[in-house]
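**Q** Below is a structure I'd like to ask you about.
Only the coordinates and a few stated rules stand behind these numbers; no lab work does. All values derive from a computational prediction rather than experimental measurement. FYI the Cβ positions are ideal-geometry reconstructions off the backbone, even for glycines, and counts take in every protein chain you see.
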């Protein structure tokens, strides 16, 4: 089950870029609350509260208890907009959820264990899928999905079809590769080093040949 965090918001009656700038200057972030069967609601939240709430969670799959002027509701964060340079949060989109309403969320995939191909053959685990899209009730949203790679040998892979998520329906393509163990790269790296040395040596041979030609030319001139 994902962590639940608390956040407090207040209504705002004015909108627009000028209002947003004033809010940010006052240490607040403009936000909008959406949901089925309700009109969008303009809110603002304190920067310090948002930064604290986002620490150590996956924002898109974490249920947040939001109090709007004292009225409680549960939400997911659907979008976080950031400044392109400073990377500070400039706007938030909240989505109101209900206990019996299934949601589509992307949950982080965590690999656990040490693969057999790593332990015994020096292989390397490569992870291709880091989030898995699922359909699930709010109460059943997992904090993350664990994929055990302990028995994975070199050349073997784990696919979406090999994973189960309790009380949820996986929406991703079953044939999508989550991770695989590739052979050790020592030989490949050694080949690269040899190739680089050959490239460095080649100009020296060319220069030597030119010097010999010039010497031969001087001898014939004499």
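**Q** Counting only residues that are in a loop (DSSP other than H, G, I, E, B) and surrounded by fewer than 18 Cβ atoms within 10 Å (Cβ to Cβ), how many does segment 112-127 have?
**A** Result for segment 112-127: 3.
**Q** Can you give me the number of residues within segment 50-59 that are surrounded by fewer than 18 Cβ atoms within 10 Å (Cβ to Cβ) and in contact with a strand residue (DSSP E or B) (Cβ under 6 Å, 6 or more places away or on another chain)?
**A** 1
**Q** Okay, moving on. When you scan segment 109-116, do you find a residue that is touching a helix residue (DSSP H, G or I) at 6+ places or on another chain (Cβ under 8 Å) and farther than 30 Å from residue 43 by Cβ, even just one?
**A** Looking through segment 109-116, none of the residues is touching a helix residue (DSSP H, G or I) at 6+ places or on another chain (Cβ under 8 Å) and farther than 30 Å from residue 43 by Cβ.
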